[in-house]
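The values are calculated or read from the model by the stated rules, or taken from the named source; none is laboratory data. No experiment lies behind these values; they were computed from the predicted model shown. Neighbour counts are summed over all protein chains in view; Cβ atoms, including those assigned to glycine, are modelled from backbone coordinates with ideal geometry. What goes into the accessible areas is simple: the full protein's heavy atoms, side chains included, and nothing from ligands, DNA or RNA. Shrake-Rupley method; radii C 1.70, N 1.55, O 1.52, S 1.80 Å.
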Amino acid sequence: MGKTVILMDLLKIAATSAASVVTLFLLTKLMGNKQVSQLSMFDYIIGISIGSIAAEFATELENPEHSVLAMIIYALSAYLVSIVTGKSTHARKIIIGRPLILFDNGKLYRKNFKKARIDISDFLIHCRTQGYFDLSQVRTAVFECNGSISILPAEKDRPLTPSDVNLKPVQQEIMVNVILDGHVNEENLKHTGKNTVWLEKQLHEQGFHSWDEVFLGTVNTVENTVSFYRMNVENDDTDPFE
């Protein structure tokens, strides 16, 4: 009898764990996909809360529906906040916050440093990690709502662009994957305006005999070229990162 009870409990935990994973997935899709660096403080807190409840939900055997309801309420709160902040700039400033200028044209704004709760040492670290070891190379530094710092370089230290030397480079497009792991993607190939006859010709010209030898094949629609990457390549024993 005791073993039967234990087995039933384990099966219930397995079921609630699977249900919590599915629920988390659905709620995440509802809330939207964001990188950690893009999360506002509110999103971060909501995410931690939902994760904590999901962990409890996985082992809750008596009233799992309570945890599900709490998770849904948290997720809906995040969803509603995203709608409100998307429609109201005033609400966005209150809930998400607003960018703060920390440095501009040779001046440090100490009051904004206090609002951002960042000290001068942290600011200089952010500058150095972006390649600016001298503040004279920086025109403006902005503390963003997600906690990152955006830097506008001074004109004299700005990277050279083609327009600076009156060049008009050809606009590149996204490379289209036509072969993945030895399989031809017919739909992507058709999108490029090519067919398997053309692709097979390119394959033979580059020394391949069949699709099975290709790990990745990409088409450059601008230059009308294709690049193939061999399936089985021997590993180099050297470690360049050592």
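Report the residues of the range 115-129 in range of a label on ARG98: point 7 Å along Cα→C-beta, backbone N strictly under 20 Å from it. Under cut-off, by backbone N: 115-118.
Dipole magnitude for the range 44-175: computed about the Cα centre from +1 point charges on Lys and Arg Cβ and -1 point charges on Asp and Glu Cβ, it is near 920 debye. With a simple spin-label model that places each label point 7 Å from the Cα along the Cα-to-Cβ direction, the separation between SER136 and ARG230 comes to 5.2 nm.
The magnitude of the dipole of the range 101-242, with charges of +1 and -1 set on the Cβ of Lys/Arg and Asp/Glu and taken from the Cα centre, is near 1380 debye. Of THR23, THR221, the order by accessible heavy-atom surface (1.4 Å probe, DNA, RNA and ligands excluded), from most exposed downward, is THR221, THR23.
With the simple spin-label model, which puts each label point 7 Å out from Cα in the Cβ direction, the ILE73 to HIS204 separation comes to 6.9 nm. When the Cα positions of HIS191, ILE149, THR221 are compared along the charge dipole of the range 104-242, ILE149 comes out farthest toward the positive end, with charges on each C-beta of Lys, Arg, Asp and Glu. Accessible surface of TYR79, taken over heavy atoms with a 1.4 Å probe and every protein chain present, rounds to 90 Å².
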